[in-house]
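Okay, so here's the structure we're looking at.
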Amino acid sequence: MSDLSPEDIALLVAQVPIGILMPDDATIRLVALTPGVVEAHVGPVAEPVTTHDGIVFWFDASRSNVSINRMAMLNLLAVSDFSARTVPLLRGCVLATGQRGGCLEGLTVEQMKAFQRESEPAWWVHWVLHIRVEGDRQRRRRFE
């Protein structure tokens, strides 16, 4: 996140609660956490995956016809105990937020820093994810 856009910088300066939005186009941007933000970006049937750091990844599991969001998967790998073999195949737009007492909360500085971790060698992660994504594509082609 070293290349912040002017919009991202404005959100940080405003000190509003923020989340990290990972559209399915391999980009990342910050979003203000306002009422309805999950529904607006992810959809009305968003489901959460919560990490040990309290980071919540909101995604729409019902959208099986949407491409896999590799950026979101790599970020989930960085902040969770999942391995490249076990990380869920997240599809479409994914939003990462904090959560306290069941309520949506902005990410803390510690949670933002957690996104910089790498638990496995990058080449290994990319290779395993490539195999998993290709296997998923082939299975889906057979059932179309």
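The values are calculated or read from the model by the stated rules, or taken from the named source; none is laboratory data. As the structure is a computational prediction, the values presented were derived from the model and not from experiment. FYI the Cβ positions are ideal-geometry reconstructions off the backbone, even for glycines, and counts take in every protein chain you see. Ligands, DNA and RNA are stripped out before the accessible areas are found, and what is left, the full protein with its side chains, is counted by its heavy atoms. Shrake-Rupley method; radii C 1.70, N 1.55, O 1.52, S 1.80 Å.
Only one of 76, 129, 95 is at pLDDT below 90 and in contact with a strand residue (DSSP E or B) (Cβ under 9 Å, 6 or more places away or on another chain); which?
Going through 76, 129, 95 in turn, the sole match is 129.
I'd like to check something: does the stretch 114-121 contain any residue that is part of a helix (DSSP H, G or I) and surrounded by 13 or more Cβ atoms within 10 Å (Cβ to Cβ)?
Yes: one or more hits.
Working carefully through the options 96, 78, find the one that is in a helix (DSSP H, G or I), surrounded by 12 or more Cβ atoms within 10 Å (Cβ to Cβ) and of a type in the set (Gly, Ala, Ser).
78
Give the residues of the stretch 99-108 that are in contact with a Leu (Cβ under 7 Å, 6 or more places away or on another chain) and either open to solvent by 50 Å² or more (accessible area, probe 1.4 Å) or at pLDDT below 90 (or both), sorted by residue number.
Result: 104, single match.
Would you call residue 111 among the polar types (S, T, N, Q), in contact (Cβ under 8 Å) with a residue 24 or more places away in the chain and open to solvent by 30 Å² or more (accessible area, probe 1.4 Å)?
no
Of all residues in the stretch 26-48, which are part of a strand (DSSP E or B) and within 15 Å of residue 102 (Cβ to Cβ)?
Within the stretch 26-48, 47, 48 qualify.
Go through the stretch 79-96 and count every residue that is basic (Lys, Arg) and within 13 Å of the chain's Cα centre (by Cα).
1
When you go through (1) in a helix (DSSP H, G or I); (2) of a type in the set (Val, Ile, Thr); (3) surrounded by fewer than 18 Cβ atoms within 10 Å (Cβ to Cβ) one by one for residue 66, which number turns out not to apply?
Only one criterion is unmet by residue 66, namely (1).
In the stretch 87-110, what residues are closer than 15 Å to residue 31 by Cβ and among the polar types (S, T, N, Q)?
Correct list: 97 only.
Going through the stretch 16-58 one residue at a time, which ones are at pLDDT 90 or above, among the polar types (S, T, N, Q) and either open to solvent by less than 60 Å² (accessible area, probe 1.4 Å) or under 25 Å from residue 117 (Cα atoms) (or both)?
The answer is 50, 51.
Working carefully through the options 51, 34, 86, find the one that is without any contact (Cβ under 8 Å) to a residue 24 or more places away in the chain and closer than 27 Å to residue 134 by Cα.
When all the criteria are applied, what remains is 86.
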